[in-house]
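Here is the structure we will look at.
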Amino acid sequence: MVVFAGQGDARRSMALLWRKGEEPGEVRPGPKPGLSVDVIVEAAIEVADSEGMAALSMRKVGERLGRTGMALYTYVPNKGELVDLMYDRVLAELPATYDVSGGWRPAVASWAEHTLAFYLRHPWVLQVSRARPVLGPNEFAMLESMVAILRDTGLGPRRTRGVVALLFDFVRGAARTVSESRLAPSATGVSDEEWWRTRSHLLEEVAPGVTDRYPMVAWLESADGEPGADDTFATGLEVLLDGIEAAVARI
């Protein structure tokens with residue numbers, strides 16, 4: 001499931017993201033607590049965190065707040081604007097600045113670790129495509145913090161833009177794999193151990209001598225121990241940072 005940002009009314013969505021103008025009905029009298037854009041967005045994030053993006057609807061968010069879905073439309077016009085607001089809101093969890101006193105490389109490593117942890121806290125964010133940015137304040141702040149780390153490498157804006165895209169793609173890809181691995185047992189009703197055990201036996205049965213047919217794959221799998229997600233991420237990040245460092249050295 002891929003969700004594209006900016007599916008709602010552009011003017012209304014941008015005004016809500018940047019809080020331009022007053023929110024309608026910020027607080028209303030009555031026995032139930034007043035609604036606001038912030039309250040609705042926080043409830044929507046809770047729904048997405050606990051049940052996934054597919055479960056998100058104005059009705060579901062309204063139920064969490066003890067209101068009807070229709071009651072939310074005064075504050076947030078539609079689900080499209082709501083997704084934009086949710087996405088930008090959770091990005092505020094990421095650090096605004098990083099310590100670069102030790103150089104750009106450890107700072108990028110810290111950024112990558114924080115961003116991976118962020119995606120795993122909110123796996124639904126991975127379904128929001130980066131093809132069209134939300135253009136909210138926290139999205140700009142996230143990008144600003146990343147570029148600030150790389151600004152002094154001397155790569156220049158064009159190459160730095162490519163490095164930033166590569167880093168985001170790497171971290172998002174790693175987070176997606178971990179997130180899907182965590183989801184697979186409950187979604188399929190089969191544990192990872194059972195899945196691999198069953199198919200390993202079947203592979204030996206239907207494709208005898210498979211290791212001889214694919215010797216490079218056999219060599220790859222000959223590494224000691226099972227590759228953990230942490231080890232895979234650390235190795236990939238190290239190689240990526242080595243490549244950036246080589247690019248910087250060629251300037």
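The values are calculated or read from the model by the stated rules, or taken from the named source; none is laboratory data. Since the model is a prediction, treat every value here as computed from it, not as a measurement. Here the Cβ is made from the backbone with ideal geometry for all residues, glycine too, and neighbour counts use every protein chain on show. Areas reflect the complete protein model, heavy atoms only, side chains present, ligands, DNA and RNA absent. Shrake-Rupley method; radii C 1.70, N 1.55, O 1.52, S 1.80 Å.
Multiplying the residue separation of Ser57 and Ala165 by 0.36 nm and removing their Cα-Cα distance gives an extension gain of 35.8 nm. Cα-based values for region 80-196, radius of gyration first and Dmax second, are 16.2, 51 Å. Element breakdown for region 94-249 at a 1.4 angstrom probe: carbon and sulfur atoms account for 57% of the accessible area. Helix 192-206 axis versus longest C-alpha principal axis of the chain: approximately 40°, rounded to the nearest ten. For region 175-240, the fraction of alpha-carbon pairs lying more than 21 Å apart is 44 percent, rounded to a whole number. Solvent-accessible surface of the chain, averaged per residue with a 1.4 angstrom probe and all protein chains in place: 60 square angstrom. Output the 0 to 90 degree angle, nearest 10, between the alpha-carbon long axis of helix 37-51 and the longest principal axis computed from the alpha carbons of the chain. The two axes meet at around 30 degrees. Placing a label point 7 Å from the Cα of Ala207 along the Cα-to-Cβ direction, the residues of region 182-201 whose backbone N falls under 17 Å from that point are 195-201.
Average projected area of the Cα convex hull of the chain, in nm²? Provide the component values of the computation, followed by the final result.
Numbers: hull surface 74.3 nm².
Dividing the Cα hull surface by four gives the mean projection, 18.6 nm².
Note the angle between two axes, namely the Cα long axis of helix 137-150 and the longest principal axis of the Cα atoms of the chain, as a number of degrees from 0 to 90, rounded to the nearest 10. That works out to roughly 40 degrees.
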